[in-house]
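The structure appears below as structure tokens.
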Amino acid sequence: MLDFAAQYAAFQRRDPAWDGIVFVAVRTTGVYCRPVCRARTPLARNVRFYGSAASAERAGYRPCLRCRPEAAPFCPAWKGTRTTVERALALIEQGALDCGDVEALADRLGIGARHLSRLFAEHLDASPLQVALSLRVQRAKRLIDESDLPLFVVAQRAGFSSARRMTAAFARLYGRSPTSLRRRRLPGVTMQ
Ligand SMILES: [Zn+2]
């Protein structure tokens, strides 16, 4: 595990080399950021670091609307070395857990479900289902940002079983509805 001082120093200088490797959560705001975020650097005592966006979310933090930590790249250092996790992530990204379950996903990778969950806990500090939900929200967020598709279509394309489920996930994660996020991008409205 990386030590706190090194992570905080990287965060203070907004070091892009740490982007995707650590995620910075701020206790006072309940928001987590990429280390490159341009927001004012909070006091060290209010800061927590996480190894993945999913684990920051699991700890109850919402993604920052300015730096979009939920869309940060995965750490390049482990790309290619942790092949099984990578393949699992690719399959999840393609929707493997939107219509199938963790057992079926593990089957496709030639390992047991418990082993897969252990690998996820070790490398991503989150379960396959948490990662799937995180990716689903990320897909939906992108569609909301980049299209004018009706919300039920966004939900469908993002892999949610219903618009209601999507709204619930957004409420939990962002503390607001998908519609309110869409309104934010209208001309004349500045992002926070
Ligand atoms: Zn931020």
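The values are calculated or read from the model by the stated rules, or taken from the named source; none is laboratory data. On a predicted model such as this, the values are computed, not experimentally measured, just so you know. Heads up, the Cβs are rebuilt from the backbone with ideal geometry, glycines too, and the neighbour counts pull from every protein chain shown.
In table form, for the structure just shown:
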{"quantity": "Selection count where residues are near the ligand (Cβ under 8 Å from one of its atoms) and over 16 Å from the mean Cα position of the chain (by Cα), scope region 26-48", "calculated": "2"}
{"quantity": "Identity of the residue in region 38-62, in contact (Cβ under 8 Å) with a residue 40 or more places away in the chain and aromatic (Phe, Trp, Tyr), that ends up nearest to residue 168 (Cα to Cα)", "calculated": "50"}
{"quantity": "Set 56, 106, 90: member being within 16 Å of the ligand (Cβ to nearest atom), closer than 21 Å to residue 125 by Cβ, part of a helix (DSSP H, G or I) and modelled with pLDDT of 85 or more", "calculated": "56"}
{"quantity": "Enumeration of residues in region 16-35 that are modelled with pLDDT of 90 or more and surrounded by 19 or more Cβ atoms within 10 Å (Cβ to Cβ)", "calculated": "23, 24, 25, 26, 31, 32, 33, 34, 35"}
{"quantity": "Test: residue in region 4-15 that is closer than 17 Å to residue 130 by Cα, at pLDDT 85 or above and not hydrophobic (A, V, I, L, M, F, W, C)", "calculated": "no"}
{"quantity": "Test: residue 23 is farther than 26 Å from residue 178 by Cα and touching a residue at least 40 places away in the same chain (Cβ under 8 Å)", "calculated": "no"}
{"quantity": "Residue count, region 159-169 (criterion: surrounded by fewer than 22 Cβ atoms within 10 Å (Cβ to Cβ) and assigned to a helix (DSSP H, G or I))", "calculated": "6"}
{"quantity": "Residue selected from region 94-103 under the condition surrounded by fewer than 16 Cβ atoms within 10 Å (Cβ to Cβ) and part of a helix (DSSP H, G or I), by the criterion modelled with the lowest pLDDT", "calculated": "99"}
{"quantity": "Members of region 59-87 found to be more than 14 Å from the ligand (Cβ to nearest atom) and either buried (at least 16 other Cβ atoms within 10 Å of the Cβ) or modelled with pLDDT of 85 or more (or both), listed by number", "calculated": "59, 60, 74, 75, 82, 84, 85, 87"}
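Residues are listed down the side, and each one gets a yes or a no for (1) hydroxyl-bearing (Ser, Thr, Tyr); (2) free of Cβ contacts under 8 Å to residues at least 12 places away in the same chain:
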position: 112; (1), (2): no, yes
position: 115; (1), (2): no, yes
position: 124; (1), (2): no, no
position: 129; (1), (2): no, no
position: 132; (1), (2): no, no
position: 136; (1), (2): no, no
position: 143; (1), (2): no, no
position: 147; (1), (2): yes, yes
